[in-house]
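The values are calculated or read from the model by the stated rules, or taken from the named source; none is laboratory data. Predicted model only: the values in this text are computed from it and were never measured. Note that each Cβ is placed from the backbone with ideal geometry, even for glycine, and that neighbours are counted across all protein chains shown.
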Amino acid sequence: MTVAHTPGGPAARSRRPSGDGRWAAILLAVPVLGLVVFYLWPLIRTAILSVSTGNPFLGYQITGFDNWVQVLTGDELPRALLNTLVYAAVVLLGVPLAMIAAVLLHQRGLRFRGLFRVLYFLPVVTMPAAVAMVWRYIYNGDFGLLNEVLATMGLPTTAWVADPRTALYAVAVVGIWMGLGTNLIILAAGLEAIPDSVTEAAMLDGAGPVRRFASITAPLLSPSVFLVSVLSVIGSLQMFDLLFVMLGRTNPALADSKTIVYLFYEEAFVRSDRPLGAVIALVTLVVTLIVTAIQFRLQRRWVHYA
Amino acid sequence: MPERSRPGRGQDARAGLRAGRVATYLVLAVGALLMVAPFLWQFLTSVKSLRESTVAPPVIWPSAWHWENYQRIFDVLPVETMAVNSLLALILRVTGQLLIASLAAFCFARLRFPLQRALLTLFLATLMVPPQLFIIPQYEVIRDLNWLNTIQALALPGIFSSFGMFILYQFMRSLPVELDEAARIDGANPWQIYRRIILPLCIPALAAVTIMTSLFSWNDLLWPLVINTDPSRMTLPVGLATLQGAQGTDYPVLMAGSLLAILPMVLIFVLLQKQFIQGIAMSGSK
């Protein structure tokens with residue numbers, strides 16, 4: 001009959017008491033403070049900055065949409081947008097590669113599976129700034145390993161990251177290499193979730209490995225493939241480290257290879273034009289939302305939810 | 001008739017299976033070689049002489065092993081200081097994130113309070129926004145606190161990231177309601193439920209958050225690059241990037257430095273493979 005018992009009483013079984021308000025206020029105070037200071041306020045502030053003029057020392061005044069006009073009508077942003085989308089599209093080719101690896105690794109009775117997984121996953125845990133240096137060296141036009149390999153195979157060579165025609169693609173190959181392990185892990189989890197009985201039934205019906213893959217594995221795996229594709233594209237839209245280190249500021253190919261986040265960094269922190277940086281950041285948000293929305297629309301055509 | 005054809009078909013199938021197996025190993029091995037080749041090349045280059053690292057065609061095997069390159073990297077870059085900065089920032093960010101994220105996740109997953117949905121939406125919405133949107137104002141906040149070029153500056157925004165909260169929230173929601181109810185009947189308050197019941201059950205999710213946050217922190221470039229410009233407060237990735245700008249052609253030293261920088265995470269990964277893979281799977285799958 002006492003008040004202290006009501007929380008555990010029968011009425012509370014389905015809906016727990018709303019008497020946690022005070023506790024929630026205490027426990028959430030610091031997390032909410034941090035969220036407001038470091039995430040919610042910054043969103044508002046970025047929006048305000050994007051319509052302001054001024055400089056870091058004297059402060060900013062709201063003046064209107066001049067920054068937006070300047071960024072949207074300039075030639076740097078469209079170029080960076082195109083570069084970013086091309087980069088994202090090339091890195092997306094890593095998804096079928098990861099699928100092949102995941103399906104091969106999933107075979108029953110495979111030996112060294114653990115070892116293979118470790119090796120494929122290794123680039124994921126390594127620092128992009130560090131491996132970008134290695135790749136830059138491998139791509140070197142004069143004494144790079146890649147050109148040597150290509151030359152012995154009789155294939156054309158070039159200064160991969162100094163040539164504006166190839167730089168972005170060269171970086172994207174590294175993007176594929178770095179992301180393969182993550183994609184592989186998520187796809188492997190998707191494969192694990194396909195019940196053995198389904199594949200066994202198909203096998204008994206005489207379906208060969210190709211048929212089994214096309215009619216059973218692929219459709220049942222499609223939600224995982226979709227997830228991996230969305231994550232891959234979102235990650236690609238934020239690419240910065242690889243480009244920053246692999247190309248370097250004095251690279252002749254840089255002007256033609258900047259991604260949108262690189263442009264953001266340059267505008268906001270090298271040229272210290274925060275308002276223009278804010279506009280670019282907001283454009284990134286819009287682009288991310290549009291691209292993700294497109295992916296979600298397209299998924300109806302090829303993703304099968306069991 | 002079917003009796004006789006069956007063994008034949010079985011043999012065919014077995015031969016086909018064996019050929020398929022060989023092809024599988026071949027493809028996987030070539031793939032694995034491509035994945036690790038850059039690391040092998042990095043190591044081999046790190047022990048070459050400067051001259052040998054820039055000859056064409058490249059020499060695969062070093063003619064002499066120049067281990068002193070690992071000494072020289074310490075001369076051209078304050079590696080110890082930067083490693084300590086990276087490590088301190090990591091510890092601060094991970095412990096802060098674990099505490100903040102688990103508290104917030106607990107409230108949303110196990111308590112009922114006004115404005116719960118709206119607040120949760122706010123927390124999760126920040127995960128959908130590209131991080132660049134936060135950076136300029138975050139920089140201003142840190143500058144106004146007079147914390148530019150400090151360790152806490154490196155860790156602070158990451159401490160309050162909703163990433164860990166999202167992972168933990170999903171995990172905590174999957175725990176049975178009866179746990180809290182039984183504890184409440186015994187007179188436990190929400191803090192005690194969090195501390196004694198829920199948190200100990202979340203070890204796998206806490207491990208995943210620890211690993212992923214450590215990776216983010218150790219490998220991050222953009223935020224440390226803009227927030228700490230004083231070399232004595234730089235992290236390893238920033239130090240390496242600036243070193244490349246300054247001495248972009250001393251490849252053996254650059255390779256030695258980058259190898260040292262990736263080694264800690266690689267070693268931890270090899271030791272804790274299962275947890276790493278679980279971490280990726282947890283943060284990847286919705």
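What tally of residues in segment B:144-189 results from selecting those that are in a loop (DSSP other than H, G, I, E, B) and among the small types (Gly, Ala, Ser)?
Qualifying residue count for the region: 4.
All but one of (1) closer than 30 Å to B:ILE159 by Cβ; (2) under 25 Å from the mean Cα position of the chain (by Cα) hold for A:TYR60; which doesn't?
(2)
Look at A:ALA218 and say whether it is assigned to a loop (DSSP other than H, G, I, E, B) and either over 30 Å from A:ALA130 (Cα atoms) or over 19 Å from the mean Cα position of the chain (by Cα) (or both).
Criteria not met by A:ALA218.
For residues that are farther than 17 Å from B:TRP223 by Cα and small (Gly, Ala, Ser), tally how many sit in segment A:223-282.
8
Pairs, please: C-beta under 7 Å, at least 6 apart or cross-chain, first residue closer than 14 Å to B:VAL238 by Cβ and in segment B:82-95, second surrounded by fewer than 22 Cβ atoms within 10 Å (Cβ to Cβ) and among the charged types (D, E, K, R)?
Filtered contacts from segment B:82-95: B:ASN85/B:ARG233.
Listed here are the residues, each with its yes/no results for (1) surrounded by fewer than 24 Cβ atoms within 10 Å (Cβ to Cβ); (2) more than 29 Å from A:ILE186 (Cβ to Cβ); (3) within 7 Å of another protein chain (Cβ to nearest Cβ); (4) not aromatic (Phe, Trp, Tyr).
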residue	(1), (2), (3), (4)
A:PHE116	yes, no, yes, no
A:LEU119	yes, no, yes, yes
A:THR126	no, no, yes, yes
A:ALA129	no, no, yes, yes
A:MET153	yes, yes, no, yes
A:PRO156	yes, yes, no, yes
A:TRP160	no, yes, no, no
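When B:TRP65 is evaluated against the numbered criteria (1) in the same structural domain as B:TRP223 (by TED's automatic domain parsing); (2) more than 22 Å from the chain's Cα centre (by Cα), which criterion, by number, is the only one it fails?
Result: B:TRP65 passes all but (1).
Taking B:ILE136 as the residue in question, decide whether it is within 16 Å of A:GLY34 (Cβ to Cβ) and not aromatic (Phe, Trp, Tyr).
Answer is no for this residue.
Looking for something facing chain B (nearest Cβ under 9 Å), in a helix (DSSP H, G or I), surrounded by fewer than 20 Cβ atoms within 10 Å (Cβ to Cβ) and at pLDDT 95 or above - is there at least one such residue anywhere in segment A:97-107?
Scanning segment A:97-107, I find at least one residue that is facing chain B (nearest Cβ under 9 Å), in a helix (DSSP H, G or I), surrounded by fewer than 20 Cβ atoms within 10 Å (Cβ to Cβ) and at pLDDT 95 or above, so the answer is yes.
Output yes when any residue across segment B:190-198 is out of contact with any strand residue (DSSP E or B) (no Cβ under 6 Å at 6 or more places or on another chain), polar (S, T, N, Q) and under 20 Å from B:LEU148 (Cα atoms), and no when none is.
No; the residues of segment B:190-198 include none that is out of contact with any strand residue (DSSP E or B) (no Cβ under 6 Å at 6 or more places or on another chain), polar (S, T, N, Q) and under 20 Å from B:LEU148 (Cα atoms).
Any residue at all in segment B:263-276 that's surrounded by 21 or more Cβ atoms within 10 Å (Cβ to Cβ) and β-branched (Val, Ile, Thr)?
Looking for residues that are surrounded by 21 or more Cβ atoms within 10 Å (Cβ to Cβ) and β-branched (Val, Ile, Thr), one finds none in segment B:263-276, hence no.
For segment B:42-71, which residues satisfy the criterion of being part of a helix (DSSP H, G or I) and buried (at least 17 other Cβ atoms within 10 Å of the Cβ)?
Within segment B:42-71, B:GLN42, B:LEU44, B:THR45, B:SER46, B:GLU52, B:SER53, B:ASN69, B:TYR70 meet the criteria.
Just a yes or no: is a residue in segment B:95-105 assigned by TED's automatic domain parsing to the domain that holds B:ILE280 and surrounded by fewer than 18 Cβ atoms within 10 Å (Cβ to Cβ)?
Within segment B:95-105, one or more residues are assigned by TED's automatic domain parsing to the domain that holds B:ILE280 and surrounded by fewer than 18 Cβ atoms within 10 Å (Cβ to Cβ).
List the helices (runs of 4 or more DSSP H) that sit entirely inside segment A:243-306 and contain at least 1 residues that are assigned by TED's automatic domain parsing to the domain that holds A:THR84, without any contact (Cβ under 8 Å) to a residue 12 or more places away in the chain and surrounded by fewer than 19 Cβ atoms within 10 Å (Cβ to Cβ).
The qualifying helices (runs of 4 or more DSSP H) are A:274-302.
Tally time: how many residues in segment B:90-131 are of a type outside the set (Phe, Trp, Tyr), within 8 Å of chain A (Cβ to nearest Cβ), part of a loop (DSSP other than H, G, I, E, B) and more than 17 Å from the chain's Cα centre (by Cα)?
Qualifying residue count, segment B:90-131: 5.
B:ARG21 versus (1) assigned to a helix (DSSP H, G or I); (2) modelled with pLDDT of 95 or more: which is the lone unmet condition?
Result: B:ARG21 fails condition (2) only.
For segment B:132-144, which positions are hydrophobic (A, V, I, L, M, F, W, C), buried (at least 20 other Cβ atoms within 10 Å of the Cβ) and over 22 Å from the mean Cα position of the chain (by Cα)?
B:ILE136, B:ILE142, listed by residue number.
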